[in-house]
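The values are calculated or read from the model by the stated rules, or taken from the named source; none is laboratory data. Please read these numbers as outputs of a predicted model, since none were measured by experiment. Here Cβ is always computed from backbone atoms with ideal geometry, including for glycine, and neighbour counts include all displayed protein chains. Heads up: the accessible areas ignore ligands, DNA and RNA and are worked out on the full protein's heavy atoms, side chains in. Shrake-Rupley method; radii C 1.70, N 1.55, O 1.52, S 1.80 Å.
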Amino acid sequence: MSWCEERNFWCNCLYWRKTAILLPPEPDTFSLPSPLPDWSQGQGFASGRINLGKIEALKISRFEFIWSSNLLQDKKKGVSFYKPVGVPNGFYSLGHYCQFNNKPLWGFVLVVREVACFEPEAANSPTLLKPLDYTLVWSSDDESEEKYGGCGFFWLPQAPEGYKPLGFLVTNNPDKPDLDEVRCVRADLTDECEPYRLLLESYSKFLNLPVRVLSTRPSHRGVLGKGVSVGTFFCGYWTSEEELNIACLKNLNQLHAMPNLQQIHALMKHYGPTVFFHPNEVYLPSSVPWFLKNGALLYKAGDSSGEPIDAEGTNLPGGGTNDGAFWIDLPSDDKRNTVKQGNLESAKLYVHVKPALGGTFTDLAVWVFYPFNGPGTLKVGPLNISLGKIGQHVGDWEHFTLRICNFTGELWRIYFSQHSGGEWVDAYDLEYIEGNKAIVYSSKNGHASFPHPGCYIQGSTKLGIGIRNDAARSNLYVDSSTCYEIIAAEYLEGSDFIEPCWLQFMGKWGPTIVYGSRIELDKIINHLPVGFRYSVKNIFDGFPVELCGEEGPTGPKDKNNWVGDERG
């Protein structure tokens, strides 16, 4: 088949949702509010390049525009495609970059070069090779687009045997890209990746299948994951049962670019967010030692009397798993109600430092301890209904996570934890209070974290039904850039760093109190207007157990994100 025939075939098979296309304005390039400090000397953190073992990677954030799709019926879903520029001599691109048009230009792609290696097989098996050819995976066909940069043509590099492509290339004309424009990577130096977020979708008349453009991320993430995000995208007729035909990089030298202890402190002092509590918040945080020394008691199954706990938690049982044998409760005397309300003056935020995305990022997971979690409020349209005891429990561990780019030391995004879920928010969507210090809003009573003030509904925003999460600024706050303590950084081998004793307690930081929260909830539902009952019941059936209260949480080290990635 000739090229013209091939092009006509694709253009006849595929159609673009017809719109009057205009090129989107060049997006603003985002930069953090303040310049970055000198992070001091370390092994490889913020040095600009990361040695992945047999490949050296460099982050490129300067781009040249290639082609854009701007669908007028949903401008927020318009996306543009870019190629990296300013690639140093000796480095090679792995693919192109894509992002939404309504966002500031804030992304990257990695470019790589081979690291000198003395292993015998290196001479016979280079780490990087040119593709053998390109396969046209998809092209748009709106004739009006040709007036504004042409159609978009999406190309998959065809890798030599034993090598894998790591991204796609885009052109605004039917000519194949130059074979020298991209490199494929030896398979043993790659890892699996998975689709992450949908960027663009179109449909084929001929196949009746959606063509999707998706961002990707490593399949193996968390502390032990070696997969490295390349910053490229996937394009094709993908279904959830299929594996992607591109890979990500693998870091064989995972800790090379991780910050040392001095740099961790510098990161917290520079980026540490201020946590604001609602002006009507009753249940504030405290430090763990304040909670323990003010009458908290350790209980053992089968024993009705509690044992006092020393301020550092040295008499707490450590290790193992949460087998229900031990738990902590509030004081049994007249201090109980006082301790419930926390102590803002003593409050510290507890920081767990860990590698992310193959050691190319550092996660600073910041934990907040509250002696008590307050009751919830149900919103049903214009009605706000107190849920009484529902949602109450002794002890509450919440967290947010700063993700720092190890190439540059930039704050990349923050994860806001929200009742067994949460969301990543990029740096350009954060609210800053001073310099590069963001704001975290803690919701009233439930202490979920949010990037902006407001009333967030956990349930159905469309129906206006769910649990209220009210977040607002007040004179109640903790500045984590000064009030913090590093409690764990397992990768810092050989340092004098010691984890606190209370961190090793794997039991619950609150007792199990059976008051029939589901029965209480059903009573409330039965008193609602008939038109709302079914919707409210369905929404609550999907809620995580902890929203109903009745038992305290386990500590940070028992959470799945201690060694795993955040949810979302």
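Overview of values
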{"quantity": "Filter pass, Gly395 being buried (at least 20 other Cβ atoms within 10 Å of the Cβ), touching a Phe, Trp or Tyr at 6+ places or on another chain (Cβ under 8 Å) and not in a strand (DSSP E or B)", "calculated": "no"}
{"quantity": "Within the range 412-441, considering residues that are closer than 16 Å to Ser31 by Cβ and of a type in the set (Phe, Trp, Tyr), the one surrounded by the most Cβ atoms within 10 Å (Cβ to Cβ)", "calculated": "Trp412"}
{"quantity": "Meets criteria (touching a Leu at 6+ places or on another chain (Cβ under 7 Å) and either modelled with pLDDT of 95 or more or not basic (Lys, Arg) (or both)) for Pro451", "calculated": "yes"}
{"quantity": "Filter result for Thr171 (at pLDDT 95 or above, touching a Cys at 6+ places or on another chain (Cβ under 7 Å), among the polar types (S, T, N, Q) and over 22 Å from Lys103 (Cβ atoms))", "calculated": "no"}
{"quantity": "Wholly enclosed strands (runs of 3 or more DSSP E) of the range 149-243 bearing at least 2 residues touching a Pro at 6+ places or on another chain (Cβ under 9 Å)", "calculated": "153-158, 169-171, 184-186, 193-204, 210-218"}
{"quantity": "Matching option when the condition is over 30 Å from Pro529 (Cβ atoms) and either part of a loop (DSSP other than H, G, I, E, B) or at pLDDT below 95 (or both), among Asn445, Asn469, Asn475", "calculated": "Asn475"}
{"quantity": "Those residues of the range 267-281 which are of a type outside the set (Phe, Trp, Tyr) and either more than 21 Å from His399 (Cβ to Cβ) or not in a loop (DSSP other than H, G, I, E, B) (or both), in sequence order", "calculated": "Leu267, Met268, Lys269, His270, Thr274, Val275, Pro279, Asn280"}
{"quantity": "Residue satisfying all of: in the range 457-474; in contact (Cβ under 8 Å) with a residue 24 or more places away in the chain and open to solvent by 50 Å² or more (accessible area, probe 1.4 Å); nearest to His270 (Cα to Cα) among these", "calculated": "Arg473"}
{"quantity": "Residues being modelled with pLDDT of 95 or more and either open to solvent by 20 Å² or more (accessible area, probe 1.4 Å) or farther than 20 Å from Phe234 by Cα (or both) - total across the range 129-139", "calculated": "5"}
{"quantity": "The lone exception for Leu402 - which of (1) modelled with pLDDT under 95; (2) not in a helix (DSSP H, G or I) it fails", "calculated": "(1)"}
{"quantity": "Output for the range 251-263, where each listed residue is buried (at least 23 other Cβ atoms within 10 Å of the Cβ) and of a type outside the set (S, T, N, Q)", "calculated": "Ala257, Met258, Pro259"}
{"quantity": "Test: residue in the range 169-186 that is under 24 Å from the mean Cα position of the chain (by Cα), touching a residue at least 12 places away in the same chain (Cβ under 8 Å) and surrounded by 20 or more Cβ atoms within 10 Å (Cβ to Cβ)", "calculated": "no"}
{"quantity": "Every residue from the range 188-204 that is among the hydrophobic types (A, V, I, L, M, F, W, C) and surrounded by 14 or more Cβ atoms within 10 Å (Cβ to Cβ)", "calculated": "Leu189, Cys193, Leu199, Leu200"}
{"quantity": "Residue check for Gly107: at pLDDT below 95, open to solvent by less than 20 Å² (accessible area, probe 1.4 Å), within 28 Å of the chain's Cα centre (by Cα) and closer than 25 Å to Ile50 by Cβ", "calculated": "yes"}
{"quantity": "Count - residues of the range 478-496 that are surrounded by 19 or more Cβ atoms within 10 Å (Cβ to Cβ) and assigned to a strand (DSSP E or B)", "calculated": "4"}
{"quantity": "Some residue of the range 112-124 being small (Gly, Ala, Ser), at pLDDT 95 or above and either on the phi > 0 side of the Ramachandran plot or in a loop (DSSP other than H, G, I, E, B) (or both)", "calculated": "no"}
{"quantity": "Selection within the range 494-511 - in contact with a helix residue (DSSP H, G or I) (Cβ under 8 Å, 6 or more places away or on another chain), farther than 18 Å from His265 by Cα and of a type in the set (A, V, I, L, M, F, W, C)", "calculated": "Trp502, Leu503, Met506"}
